[in-house]
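Take a look at the structure set out below.
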Amino acid sequence: MTSQFPAARPRRLRRTPALRRMVTGVRLHPSELILPLFVKEGLTEPRPVGAMPGVVQHTRDSLRKAAHEAAEAGVGCVMLFGIPEEKDGYGSAADDPEGITQVALRDLAAEVGDALVVGADTCLDEVTDHGHCGVLTPSGEVDNDLTLERYASMAVAQAEAGSQLISPSGMMDGQVGYIRRALDRAGHPHVAILAYSAKFASGFYGPFREAVEMPANFSNRNAYQQDPAGYRGESLREVALDIEEGADIVMVKPALAYLDILHQVKAMSDVPVAAYQVSGEYAMIEAAAANGWIDRERAIMESLVAIRRAGADLILTYWATEVARSL
Ligand code: PBG
């Protein structure tokens, strides 16, 4: 009698490229990728972000070019972060029709608005001199309800400048519902909301601070973003509230360190789920690759496949154009 050992041979389906391709379970598509872009008011030359090799603060011109390249590669959406020359405590640039985000949104809506979705971050930290995501009380706390007023005004200004996707990322209570009502009242019932629903107070946002020129004395966001060690169910509660308030898409952020959350959110959400591969996730791979410690392209694709596999319908990544081209 010949030995039947081993009885099961999963390797059969791994033996050739053709077999592996046939049974691929996780596929990425360019249209599911969202490219975050930085634009700085008054710049004459694109300015490299040191902590994010390959990422720049764009001029209005180079921004248009980058958005065109993304569109040509089939990327689904560009997400704008505008950095004004002058910041103040109130974030006045946020809802100024001549503020850099609105100016750049008009540029992009005109140039690539038919080819992909044009959206912008809807938050105050890029435009305040203290770097917090909201306006402060005299004692220095972020004032939730006063901040909602600012977000509403900002969202309407962005919609009027041509944004198709309002993306509140400040983790204020009630922000999605407040913005939804403001958009509807201002005549923008068709503009969608991508809600940063389960957003954690993360060390992985480090390089982003340089990209948007946050003040050096910037303090933490622990009083409004979620604790990475927070109670079980907190993220699901945040997501459920945002969906109830009218979110069209919900998001988990960061991505790689929160794949468990992403998986749980996908299981309970009846709207598309996005995940943000943030600046620190980008920087880690670029830095290790620059040192020859990991294979850059392999690590990028593996990280994106993991995020997709955990449940993301959409992925924000600074590699969106490069990856879209390679697919
Ligand atoms: C807030 C915002 C942040 C990021 C995107 N939107 C910073 C923060 O919440 O502290 C981080 C993105 C990244 O690190 O790539 N407007």
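The values are calculated or read from the model by the stated rules, or taken from the named source; none is laboratory data. These numbers were taken from a predicted model, which means no experiment stands behind them. Here the Cβ positions follow ideal geometry from the backbone for every residue, glycine too, while neighbour counts run over all protein chains shown.
Checking Arg21, Arg27 one by one, the residue that is part of a helix (DSSP H, G or I), away from the ligand (no atom under 16 Å from the Cβ) and surrounded by fewer than 24 Cβ atoms within 10 Å (Cβ to Cβ) is Arg21 and no other. Take the residues of region 269-297 that are among the β-branched types (Val, Ile, Thr) and either over 29 Å from Asp242 (Cβ atoms) or modelled with pLDDT under 95 (or both): which is nearest to the ligand (Cβ to nearest atom)? So, considering only residues that are among the β-branched types (Val, Ile, Thr) and either over 29 Å from Asp242 (Cβ atoms) or modelled with pLDDT under 95 (or both), the one nearest to the ligand (Cβ to nearest atom) is Ile285.
Checking Asp96, Asp88 one by one, the residue that is farther than 25 Å from His68 by Cβ, surrounded by fewer than 24 Cβ atoms within 10 Å (Cβ to Cβ), out of contact with any Phe, Trp or Tyr (no Cβ under 9 Å at 6 or more places or on another chain) and in contact (Cβ under 8 Å) with a residue 60 or more places away in the chain is Asp96 and no other. Within region 264-282, residues that are within 17 Å of Ala192 (Cβ to Cβ) sit with their Cβ atoms under 7 Å from residues that are among the charged types (D, E, K, R) and surrounded by fewer than 24 Cβ atoms within 10 Å (Cβ to Cβ), at 6+ positions apart or across chains, in these pairs: Val271/Asp248; Pro272/Asp313; Val273/Lys266; Val273/Asp313; Ala274/Asp313.
For beta carbons closer than 6 Å, sequence separation of 6+ or different chains, a first residue in region 182-202 that is within 13 Å of Val271 (Cβ to Cβ) and a second that is among the acidic types (Asp, Glu) and within 16 Å of the ligand (Cβ to nearest atom), the qualifying pairs are Ala195/Asp242; Ser197/Glu238; Ser197/Asp242.
Table: residues versus (1) under 23 Å from Tyr205 (Cβ atoms); (2) surrounded by 21 or more Cβ atoms within 10 Å (Cβ to Cβ); (3) touching a Ser or Thr at 6+ places or on another chain (Cβ under 7 Å); (4) free of Cβ contacts under 8 Å to residues at least 24 places away in the same chain.
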| site | (1), (2), (3), (4) |
| --- | --- |
| Gly50 | yes, no, no, no |
| Ala71 | no, yes, no, no |
| Val78 | yes, yes, no, no |
| Ala109 | no, no, no, no |
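Could we say that Pro36 is part of a strand (DSSP E or B) and touching an Asp or Glu at 6+ places or on another chain (Cβ under 9 Å) here? So Pro36 passes the test. Taken over region 293-321, the criterion of being of a type outside the set (A, V, I, L, M) and surrounded by 17 or more Cβ atoms within 10 Å (Cβ to Cβ) is satisfied by Ser303, Arg308, Gly311, Thr317, Tyr318, Trp319, Thr321. Would you confirm, using the coordinates I've provided, whether Ala229 is more than 22 Å from Leu136 (Cα to Cα) and crowded, with 20+ Cβ neighbours inside 10 Å? No; evaluated as a whole, the condition is false for this residue. Being surrounded by fewer than 17 Cβ atoms within 10 Å (Cβ to Cβ), within 20 Å of Asn222 (Cβ to Cβ) and either in contact (Cβ under 8 Å) with a residue 24 or more places away in the chain or polar (S, T, N, Q) (or both) is true for just one of Gly174, Gly140. Which residue is that? Every option except Gly174 fails the conditions.
This table checks each residue for (1) loosely packed, with under 14 Cβ neighbours inside 10 Å; (2) in contact with a strand residue (DSSP E or B) (Cβ under 7 Å, 6 or more places away or on another chain); (3) over 21 Å from Met52 (Cα atoms).
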site: Ala223; (1), (2), (3): yes, yes, yes
site: Arg237; (1), (2), (3): yes, no, yes
site: Lys253; (1), (2), (3): no, yes, no
site: Lys266; (1), (2), (3): no, yes, yes
site: Val278; (1), (2), (3): no, yes, no
site: Asn291; (1), (2), (3): yes, no, no
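Among the residues that make up region 217-239, is at least one of them aromatic (Phe, Trp, Tyr) and away from the ligand (no atom under 13 Å from the Cβ)? The answer is yes; a qualifying residue exists.
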